[in-house]
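Okay, so here's the structure we're looking at.
Rule-based calculations on the coordinates, nothing more; no lab input. The model shown is predicted, which means the values in this text are computed figures rather than measured ones. Here the Cβ is made from the backbone with ideal geometry for all residues, glycine too, and neighbour counts use every protein chain on show.
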Amino acid sequence: MRIGYGWDSHEFKTGVPLRIGGVHLPHDKGLAGHSDGDVLLHALTDALLGAVAAGDIGGYFPPSDPRWKGADSAIFIAEALRQVERAGYTVANVDSTLILNEPKIGPHRSAIQSCVAGMLGISPGQVGVKAKTPEGMGTDNAAIAQVVVLLTPVIKKQVKRRARASSSSNPKKRAPSKAKRTR
Ligand SMILES: [Zn+2]
């Protein structure tokens, strides 16, 4: 197994759309910066890359490169996933914390979970999204994201699946474990 960690921050600016976790949130300010300013997806990209020691987001998508100006951050996630797959891993789960004064994330939590899960090919139940206000930090005009990911090796999973398939010759033994898994 591998663990990965990512952190990102962006400043709020008026007249910019707000995108967090690939979801457009209605707000009078958005996050300025390189690409679409999606602080959660940038932290997630770094977490994925970090888990397989494949560098960081800036190495693949330099802010100085005009190609990434206003770019959809889903592109960054796709590249990080390619690196994860190349290293022989798959995403087990993601957990994240957003630190921002506003808007409230609660009403958009399930949309963000679904969107991120879709990008990673996992279920929304494997994507934790938590939010806090920046008490005493003096970062009221910024959004910060912290993300951890857990990866499992693809090969070991396939071996397990094969073992499960061969144990299915004994239906009495297999039935209870299957019931457990689907619960
Ligand atoms: Zn960023």
(request) Beta carbons within 10 angstrom, averaged per residue: use that to sort the peptides 106-119, 57-70, highest first. (result) 106-119, 57-70
(message) Rounded, prolate or oblate, given the Cα gyration tensor of segment 1-94, with a/c below 1.5 counting as rounded?
(response) prolate
(request) Would you mind working out the magnitude of the charge dipole of segment 1-136 relative to its Cα centre, with +1 at each Lys and Arg C-beta and -1 at each Asp and Glu C-beta, to the nearest 20 Debye? (result) 200
(message) How far apart, in nanometres, would the label points at ILE155 and GLU102 be if each is projected 7 angstrom from Cα along the Cα-to-Cβ direction?
(response) 5.3
